[in-house]
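Colleague: Okay, handing you the structure first.
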Amino acid sequence: MSEILRATAFAPGHISAFFEPHYDENIERSGSRGAGINLSLGAFSEVTVSRSTKQDIRVYINDKETDARVTKLALRNIIKDSPLKVTVKIKQELPEGQGFGMSAASSLSASYALSSLLGLSKIDAIKAAHSAEVQLRTGLGDVIASAFGGIEVRREPGLPPWGFIEHIVGDYKIVLCVIGEKIETKRILNDENKLNVIKNYGRYCTKKLLENPSIENMIRLSRYFAEKTELIREDVMEALNAASFHGLAGMCMLGNSIFAIGKTEELKNTLSSFGKVYVCDIDRHGVRILERS
């Protein structure tokens, strides 16, 4: 590889409505059961790669060079010890730490772009990003969901062939609202007492959704999960209550933010008094290459 190779990939943001964490000695079997929605807003990664005398990985997010531990680990999972220079420029359309799966979308889109340039497969990219998220405890099911798109139910945790996803049919405008400061996912995933509560209610909600698989049921269960696990703050609850006059709303896991469907304009107007509002569609395609040269 004497020349500079370049590729751009997109991965959708992802909302988890509820989840049941599962850790395994085999990192590829770790993940979560649960359900969520893939968003038309996500992360774009432009990746350039060339030969070098030593390995050099640099990541810029929204034009600022950053540590980006998850993305860098995912890329190292792909190139191993190869002396390559890799530069990644990521554009995130939603904020990190608010339950929109931006860490997963960034690492997955970057991994897929790099994998395509090195002649590797989509599953290689998914494995690299998923392993990085699980290892650093920044997520469990977002990478797998973002890889395939749609409204998904994660029936079994982990990567294929262990993990198993079903999809719910539906086309909706999704209204998002960021209400408070970001939540550090790692802090929640390292709290064993909190994890046990989350596991119990996540298992219950997944079971109930499979009995009646619809986005409406998923959102109702999302609110139930947020209340029972006590992950929801008072101001987020106030926003949910206000949104309920114009549709259905749930809390994004794990973030001080909500998602809603219903009367889009009314939801936008009502929620704008609680925080920054975004409107998007459901992404049905998952991670994909946009350009390669």
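The values are calculated or read from the model by the stated rules, or taken from the named source; none is laboratory data. Note that this is a predicted model, so its numbers are computed, not measured. Using ideal geometry, Cβ is built from the backbone for each residue, glycine included, and neighbour counts are taken over all protein chains shown. Areas reflect the complete protein model, heavy atoms only, side chains present, ligands, DNA and RNA absent. Shrake-Rupley method; radii C 1.70, N 1.55, O 1.52, S 1.80 Å.
Colleague: Determine, from the Cβ-Cβ distance of residue 212 and residue 69 and an R0 of 35 Å, the FRET efficiency 1/(1 + (r/R0)^6), rounded to the nearest 0.05.
Modeller: Efficiency, rounded to the nearest 0.05: 0.35.
Colleague: Between residue 164 and residue 186, what length comes free when the chain is fully extended (0.36 nm per residue of separation minus the Cα-Cα distance, one decimal in nm)?
Modeller: Roughly 5.5 nm would be gained on extension.
Colleague: Tell me the net charge near residue 271. Cut-off is 14 Å between Cβ atoms, residue 271 excluded, with +1 for each Lys or Arg and -1 for each Asp or Glu.
Modeller: 0
Colleague: Determine the distance separating the Cα centre of region 221-269 from the Cα centre of region 20-79; give it in Å without decimals.
Modeller: Measuring centre to centre over Cα atoms gives 28 Å.
Colleague: Follow-up. Can you give me the long-range amide H partners of residue 42? Hydrogens built in the peptide plane at 1.01 Å from N, cutoff under 5 Å, separation of 5 or more residues or another chain.
Modeller: 13, 93
Colleague: Can you tell me what share of the DSSP beta bridges in the chain is antiparallel? A percent to the nearest 5 is fine.
Modeller: If we restrict to bridges inside the chain, about 90 percent are antiparallel.
Colleague: Just the Cα atoms of region 48-157, one point each, no solvent: what log10 I(q)/I(0) does Debye give at q = 0.13, 0.16, 0.17, 0.23 Å⁻¹?
Modeller: Results for region 48-157 at q = 0.13, 0.16, 0.17, 0.23 Å⁻¹ read -0.45, -0.68, -0.76, -1.34.
Colleague: For the chain, what % of the accessible area comes from carbon and sulfur atoms, probe 1.4 Å?
Modeller: In the chain, the share of accessible area belonging to carbon and sulfur is 46 percent.
Colleague: Give the long-range amide H neighbours of residue 180: residues separated by 5 or more places, or on another chain, with amide H under 5 Å away, using H modelled in the peptide plane at 1.01 Å from N.
Modeller: Counting only residues 5 or more places away or on other chains, the set is 256.
Colleague: So which of 89/268; 182/228; 173/276; 186/276; 207/228 end up more than 26 Å apart, counting from Cα to Cα?
Modeller: 89/268
Colleague: Scattering from the C-alpha atoms of the chain alone, worked out with Debye: what is log10 I(q)/I(0) at q = 0.13 1/Å?
Modeller: Values returned for q = 0.13 Å⁻¹ are -0.82.
Colleague: May I ask you to evaluate 6.51 cos²θ - 1.76 cosθ + 1.60, the Karplus curve with θ = phi - 60°, for each residue of region 132-141 and list the ³J(HN,Hα) values in order in whole Hz, giving x for glycine and proline?
Modeller: For region 132-141, the Karplus-derived couplings read 5, 4, 5, 4, 8, 6, 9, x, 9, x Hz, x marking Gly and Pro.
Colleague: Along region 126-131, what does the Karplus equation 6.51 cos²θ - 1.76 cosθ + 1.60 (θ = phi - 60°) give for ³J(HN,Hα), rounded to whole Hz, x for Gly and Pro?
Modeller: Once rounded to whole Hz, the list reads 4, 4, 5, 6, 4, 4.
Colleague: Tell me the angle of helix 192-211 to the major Cα principal axis of the chain, expressed in degrees between 0 and 90 and rounded to the nearest ten.
Modeller: 70 degrees
Colleague: If packing is taken as the average number of other Cβ atoms within 10 Å across a peptide's residues, how do 153-162, 246-255, 220-229 rank, most packed first?
Modeller: Ranking the peptides 153-162, 246-255, 220-229 by packing returns 246-255, 220-229, 153-162.
Colleague: Can you give me the long-range amide H partners of residue 97? Hydrogens built in the peptide plane at 1.01 Å from N, cutoff under 5 Å, separation of 5 or more residues or another chain.
Modeller: Residues meeting the criterion, in which the H sits 1.01 Å from N, are 102, 103.
Colleague: Still on this model: Tell me the per residue accessible area of region 104-212 using a 1.4 Å probe; a whole number in Å² is fine.
Modeller: Per-residue value: 41 Å².
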